[in-house]
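Some notes on the structure that comes next.
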Amino acid sequence: MMKKIRFYICCALLSVLATSCQDALELTPQDYFGDSNFWQNEAQVSNFMVGLHKQFRDNQFQFLRLGEMRGGTYSTVDRQATSLNELPVIEQRLEETSSGVSNWAGFYGPILQLNLFIQKVEAIGFLSETRKSYLLGQAYAMRAYYYFHLLRTYGGVPLILQADVLNGTTDAVLLRKARATEAEVLSVIKTDVSKSITLFGAQGVTGDKSQWSPNASLMLKGEVFLWSAKVYNASADLAEAKTALNAVTGTALLPSFAGVFAYGQKNNSEIIFAIRYKVGESEMTGVAAYTYSTFNFNGLHYKDSLASAGVGNFLVDPLLLAASNSQQVIQRYAYTFELFQSYDVNDSRRNATFYDYYKVNTDAKPYVATIRNTALVKFLGTIDANKRYFTDDWPVYREADRLLMLAEIVNAEGGDPTTFIQPVRDRAFVPGKDPKPFVNAGKDANELAIFNERTKEFVHEGKRWYDLRRMKYGAEPLIFKSASQPYGLLDKTTQGYRILWPIEAAIWTNDPLVAQTPGYQTARPN
């Protein structure tokens, strides 16, 4: 494992420090020749942080994969004759020989760069204390964010908090690291995010919400401490989570759900922290694979199941996707049609998230819809110079998430979450009214209502799998099958270990101190 980490950090460091581009997220110093020539002025330090954010953006699809794909809303049925990707992940068929992701999801490269940044910047004397604290606040928060994904994915993982390789330690034996316990990893995450908030201090939020900010750290702390309270039964952490989320300032729900993601409304009041995409800069990875193949419409697909527009008025490219800039539009991933059907027909989130279409047998009388399908429209981006660019921003944290986490906390405390969940529902039904306003019906019923709201609100935002693991009916996480609720995916008795992901054999081959995730069969010698 450590040989791979050394290779990745060297490559990543060269990438961050030696590549030049005019765009802000790509900007890196042009005069770099070695570490001794770097860390000499504020521009170099700031550009390194920009590079760390660029690398964070490069991991967006991995964040989505880990947080959503196993959540039960992905279809396992190919409805466009294009074949679906990552079925072992979606169908809970992960094993040592089919681990879903490799090399710890690729997160140790960014972590080691953050370790280097922290080490170098803490020793720097030429930065003002205000600037130095802000940059370190960003770095500690980003490291906590990566480790939080690793904790929720693998449980215990190796804790690497120093840039040992770049400090001259090259002995592979000395670089070996066994997996820390989940408690130890959680402790580091809590320490890092709390230190980030302390470093930010009273500094205000910048206007650019594509950079890590004090508000983003408060959101991360709220999410981490909520996870700790509910997954590890540290009930005192509920108060810490609530305090952090209530400290977020300057945010508000937008009147329109679709407007939150609109290309022309970046940095809007609902966004707290988002990964930035722009025409001429970068497009969101993978989102085009959640749409459709125009070649497979084959004159048999219609906007509605009755082909009411008339035979012959079939779909060709209703979303204007075919002239894409760089991504292939196709359906390699698809959400279940049942998810689309779960929305009220007047819920604005339904059509702002999905475009539904149907394969219709018009030879039958009456017409028969043989296939019901959807394309994701939530992050379609924009058209520029007659080309489709998938350049909407991807929210990491936004106001609706803050409100629904607060609803979950208040419910766990035995209170009434109406104040937090109802504004989200009200916005969903604009310009109409919520036909079924939320009713405080007790802790378990409320928990399911909040979970359902999060499912509809956060499609393709990497939340559902983590929600299933964190949220509960009674004392049991929703991830486990139960007669009490319909969302469980794993049998607790026989598949309980599968809430975590396995590692591939190459990891323990390269580092014999690393053990397989408990419960998974392994060829690793004892």
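The values are calculated or read from the model by the stated rules, or taken from the named source; none is laboratory data. Only a predicted model underlies this, so the values are computations on that prediction, with no experimental measurement involved. All Cβ positions, glycine included, derive from the backbone under ideal geometry; neighbour counts span all protein chains shown. These area figures cover heavy atoms from the full protein model, side chains too; ligands, DNA and RNA do not enter into them. Shrake-Rupley method; radii C 1.70, N 1.55, O 1.52, S 1.80 Å.
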Please specify each residue of region 188-205 satisfying the condition of being open to solvent by 60 Å² or more (accessible area, probe 1.4 Å) and either modelled with pLDDT under 90 or out of contact with any helix residue (DSSP H, G or I) (no Cβ under 6 Å at 6 or more places or on another chain) (or both). Thr191, Thr198, Ala202, Val205
Identity of the residue in region 356-370, under 30 Å from Phe451 (Cα atoms) and surrounded by 20 or more Cβ atoms within 10 Å (Cβ to Cβ), that ends up farthest from the chain's Cα centre (by Cα): Tyr358
Does region 102-113 include one or more residues that are in a loop (DSSP other than H, G, I, E, B), out of contact with any Leu (no Cβ under 8 Å at 6 or more places or on another chain), within 20 Å of Pro158 (Cα to Cα) and open to solvent by less than 40 Å² (accessible area, probe 1.4 Å)? no
Among the residues that make up region 264-272, is at least one of them open to solvent by 50 Å² or more (accessible area, probe 1.4 Å), in a helix (DSSP H, G or I) and under 25 Å from Lys378 (Cα atoms)? yes
Hey, among Gln80, Gln60, Gln92, which residue is in contact with a strand residue (DSSP E or B) (Cβ under 7 Å, 6 or more places away or on another chain) and on the phi > 0 side of the Ramachandran plot? Gln92
Within region 123-181, track down each residue that is on the phi > 0 side of the Ramachandran plot and either within 24 Å of the chain's Cα centre (by Cα) or at pLDDT 95 or above (or both). Gly155
Go through Lys209, Lys221 for me and flag whichever is farther than 22 Å from Phe48 by Cα and either buried (at least 19 other Cβ atoms within 10 Å of the Cβ) or in contact with a Lys or Arg (Cβ under 6 Å, 6 or more places away or on another chain) (or both). Lys221
Kindly establish whether Val329 is within 27 Å of Trp212 (Cβ to Cβ), out of contact with any Asp or Glu (no Cβ under 8 Å at 6 or more places or on another chain), of a type in the set (A, V, I, L, M) and crowded, with 17+ Cβ neighbours inside 10 Å. no
Looking only at region 416-437, how many residues end up being open to solvent by 30 Å² or more (accessible area, probe 1.4 Å) and of a type outside the set (D, E, K, R)? 9
For Ala247, only one of the following conditions fails: (1) under 23 Å from Gln62 (Cβ atoms); (2) more than 16 Å from the chain's Cα centre (by Cα). What is its number? (1)
Could you grab me the full set of residues in region 69-101 that are open to solvent by 10 Å² or more (accessible area, probe 1.4 Å) and among the basic types (Lys, Arg)? Arg79, Arg93
Check whether at least one residue in region 24-37 is of a type in the set (D, E, K, R), modelled with pLDDT under 50 and touching a Lys or Arg at 6+ places or on another chain (Cβ under 7 Å), and report yes or no. yes
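So that you can scan it fast, the table gives a plain yes or no per residue for (1) part of a loop (DSSP other than H, G, I, E, B); (2) at pLDDT below 95; (3) out of contact with any strand residue (DSSP E or B) (no Cβ under 6 Å at 6 or more places or on another chain); (4) open to solvent by 20 Å² or more (accessible area, probe 1.4 Å):
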site: Tyr292; (1), (2), (3), (4): yes, no, no, no
site: Gly299; (1), (2), (3), (4): yes, yes, yes, yes
site: Val345; (1), (2), (3), (4): yes, no, yes, yes
site: Arg372; (1), (2), (3), (4): no, no, no, yes
The condition from (1) over 22 Å from Tyr232 (Cβ atoms); (2) free of Cβ contacts under 8 Å to residues at least 24 places away in the same chain; (3) aromatic (Phe, Trp, Tyr) that Tyr497 misses is numbered (1)
Limited to region 221-241, what total is found for residues that are of a type in the set (Asp, Glu) and in contact (Cβ under 8 Å) with a residue 40 or more places away in the chain? 1
Could you go through region 390-411 and let me know if any residue there is more than 23 Å from Ser269 (Cβ to Cβ), in contact with a Lys or Arg (Cβ under 9 Å, 6 or more places away or on another chain) and open to solvent by 30 Å² or more (accessible area, probe 1.4 Å). no
Please pick out the residue among Val396, Val424, Val410, Val439 that is under 24 Å from Leu238 (Cα atoms) and assigned to a loop (DSSP other than H, G, I, E, B). Val439
Please state which of the following conditions Phe379 fails to meet, knowing it meets all the rest: (1) without any contact (Cβ under 8 Å) to a residue 40 or more places away in the chain; (2) assigned to a loop (DSSP other than H, G, I, E, B); (3) of a type in the set (Phe, Trp, Tyr). (1)
Filtering region 139-163 down to residues that are open to solvent by 10 Å² or more (accessible area, probe 1.4 Å) and assigned to a helix (DSSP H, G or I), which residue is nearest to Leu513 (Cα to Cα)? Arg143
